[in-house]
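The values are calculated or read from the model by the stated rules, or taken from the named source; none is laboratory data. What you see is a predicted model, and the numbers here were worked out from it, not measured in a lab. Glycine also receives a Cβ, built like all others from the backbone with ideal geometry; neighbour counts cover every protein chain displayed.
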Amino acid sequence: MTAQAGRDMLIKLGNGASPESFASVAGLRAKALSLNARTIDATHADSPGQWRELIAGAGVKTAAVTGTGIFLSGEGDNAIRQYFFAGATPNFQLVIPGFGIIEGPFAISALEYAGRHDGEATFSISLASAGALSFEAL
């Protein structure tokens, strides 16, 4: 496998239509995805060799996504702002080259805007998974 360009990782916002289409969240320069699975410890006094035992398939799975970039004030930016203030959980697609596509509902858990007097306006977004996610290998 060859190295992948970071710019090829995409965060796409769904339009809610049926069938749903996705458009890239514009202006992003940096993106990150974190997948987590909490475990449930079932260790007890009679656990073999006093080794920890975990309950297979139990626990909570989560995904967190962050992105930062330049503010472009376009259609996607307006939709994200509206979803944030409405507390909605639209569908997003996360495209990770050489890995796969993760799709499902995410809450916009943080939305930040910043800018310096001598620079461009920037924004940061944080997404938290809000339901079952699907995965398609690439």
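Looking across the range 86-122, the residues that are within 23 Å of residue 21 (Cβ to Cβ) and of a type in the set (Phe, Trp, Tyr) come down to 92, 99, 106. The residues of the range 26-51 that are closer than 20 Å to residue 66 by Cβ and surrounded by 12 or more Cβ atoms within 10 Å (Cβ to Cβ), listed by number, are 26, 27, 28, 30, 31, 32, 33, 35. One residue stands out among those in the range 108-127 that are part of a strand (DSSP E or B) and modelled with pLDDT under 90: the one that is surrounded by the most Cβ atoms within 10 Å (Cβ to Cβ), which is 123. Of note, residue 130 satisfies the criterion of being under 19 Å from residue 64 (Cα atoms) and surrounded by 14 or more Cβ atoms within 10 Å (Cβ to Cβ). Restricting 65, 25, 60 to those that are among the hydrophobic types (A, V, I, L, M, F, W, C) and in contact with a helix residue (DSSP H, G or I) (Cβ under 6 Å, 6 or more places away or on another chain) reduces the list to 25.
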